[in-house]
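Let me begin by presenting the structure, written as structure tokens, before commenting on it.
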């Protein structure tokens, strides 16, 4: 699938079943090497269209750049990360996920790619906690000027948010559900 203009957003949210798990794998540069059928359905793409694409081809404009930057920093350091993510399907619809992203290692302990499992998120957490936080981060990023300044401002804002709560990002995400993430954090 060649890079085409991003689809017009429809405002329609796609849902998937509670027991379903969206799975993708990528290489070190974030290009998709595996996409399960649930990912394909949620993103409105075929396997052929997805393979080889940078994973950010489904990036929704409501997703703060600073959260993705935090994710890449964490997983490229060999650590796992949990996050709430809003993605854009190729028809312009969107869907929310509770993502668990991990590095994949070879026998020598070197990172060779990344693996992501995404589950249906708790709607109350999305509405009460995540949307307001992400709206604030996007506002901070938008008012910062250049893309580099926007990213730095967003990272500073999320760091201040976490420092105020005296938690690391992982702890913040995992405690949002107060038990809703059993076995996932």
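Worth pointing out:
- Residue count, segment 77-101 (criterion: under 12 Å from the mean Cα position of the chain (by Cα) and under 14 Å from residue 55 (Cα atoms)): 6
- Filter result for the condition that a residue is touching a helix residue (DSSP H, G or I) at 6+ places or on another chain (Cβ under 8 Å), under 24 Å from residue 7 (Cβ atoms) and surrounded by fewer than 17 Cβ atoms within 10 Å (Cβ to Cβ), over 142, 83, 89: 142
- Being under 16 Å from the mean Cα position of the chain (by Cα), surrounded by 12 or more Cβ atoms within 10 Å (Cβ to Cβ) and over 22 Å from residue 54 (Cβ atoms) is true of residue 172.
- Meets criteria (modelled with pLDDT of 95 or more, over 17 Å from residue 86 (Cα atoms), out of contact with any helix residue (DSSP H, G or I) (no Cβ under 8 Å at 6 or more places or on another chain) and part of a loop (DSSP other than H, G, I, E, B)) for residue 163: no
- Any chance residue 28 is exposed (fewer than 14 other Cβ atoms within 10 Å of the Cβ), farther than 24 Å from residue 138 by Cβ and touching a strand residue (DSSP E or B) at 6+ places or on another chain (Cβ under 7 Å): yes
- Just one of the listed residues (94, 115, 181) is under 30 Å from residue 11 (Cα atoms) and modelled with pLDDT under 95, namely 181.
- Of all the criteria given as (1) surrounded by 17 or more Cβ atoms within 10 Å (Cβ to Cβ); (2) at pLDDT 95 or above, the one not satisfied by residue 125 is (2).
Conditions (1) in contact (Cβ under 8 Å) with a residue 12 or more places away in the chain; (2) more than 24 Å from residue 24 (Cα to Cα), marked per residue:
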site: 102; (1), (2): yes, no
site: 112; (1), (2): yes, no
site: 129; (1), (2): yes, yes
site: 138; (1), (2): yes, yes
site: 157; (1), (2): yes, yes
site: 162; (1), (2): no, yes
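- The listed residue being within 15 Å of the chain's Cα centre (by Cα) and surrounded by fewer than 14 Cβ atoms within 10 Å (Cβ to Cβ), out of 73, 107: 73
The values are calculated or read from the model by the stated rules, or taken from the named source; none is laboratory data. What you see is a predicted model, and the numbers here were worked out from it, not measured in a lab. Quick reminder, even Gly has a Cβ in these numbers, built from the backbone with ideal geometry, and neighbours come from all protein chains shown.
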